[in-house]
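To start, the structure itself, in structure tokens.
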């Protein structure tokens, strides 16, 4: 990867956003990928930074992993509540 290191805070933001707006999960995921693309575009426009497809791909993978983790958590919580009611 270029000068930009992995952004662990972005992954936390994904999970937080998905937890706060569960009904808008697809919008949240697309928004976070667009945010990563915007950062890459800003780096390209700056001239002294490098925009790389690998960074954008890493952002997309991070968002996808966060979506999978949060979706699994939702399912687990739903099953847990079903068992409590039964």
*Length added when fully stretched, residue 77-residue 64, from 0.36 nm per residue minus Cα-Cα*: 2.7 nm
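So if each residue of separation counts as 0.36 nm, and I subtract the Cα-Cα distance between residue 48 and residue 30, what length gain in nm does that give?
My answer for the length gained is 3.7 nm.
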*Give the shape of the range 47-86 as rounded, prolate or oblate, defined through the alpha-carbon gyration tensor: a ≥ b ≥ c are the square roots of its eigenvalues, a/c under 1.5 means rounded, and otherwise the shape is prolate if a/b is larger than b/c and oblate if not.*
prolate
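None of the figures in this text is laboratory data; all of them are computed from the coordinates on show. Note that the structure is predicted; figures quoted are calculated from it, not measured.
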